[in-house]
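One structure is given here, and the rest of the page talks about it.
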Amino acid sequence: MGRKETEEAIADSRVGRVARVGSVSELLAELLTEAEASGAYPLPPEEREWVDAPTVGREWPNDED
């Protein structure tokens, strides 16, 4: 298979899967809407407590420089 055929095969495999979004803010708004609709957001208090807890070890990314 030549380069042109490979590029065409890749393009064909992406049809229907790749969507372009106008801007980052539109993408974030769409993701937030989907998360709210699924019930995944906002987090329940017990999960929010875990997310907001201070780090306990050498988590990455490290805030120290």
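Report yes if residue 61 is exposed (fewer than 10 other Cβ atoms within 10 Å of the Cβ), at pLDDT 80 or above and not in a helix (DSSP H, G or I), otherwise no.
no
Report, by residue number, each residue of region 10-37 that is surrounded by 10 or more Cβ atoms within 10 Å (Cβ to Cβ), modelled with pLDDT of 80 or more and either not β-branched (Val, Ile, Thr) or not in a helix (DSSP H, G or I) (or both).
Passing the criteria: 26, 27, 28, 29, 30, 31, 32, 34, 35, 36.
When you go through (1) in a loop (DSSP other than H, G, I, E, B); (2) at pLDDT below 80; (3) not hydrophobic (A, V, I, L, M, F, W, C) one by one for residue 54, which number turns out not to apply?
(2)
The values are calculated or read from the model by the stated rules, or taken from the named source; none is laboratory data. Just so we're clear, the structure is a prediction, and the values are computed from it rather than from any experiment. In this analysis, Cβ positions are derived from the backbone assuming ideal geometry, glycine residues included, and neighbour counts consider all displayed protein chains.
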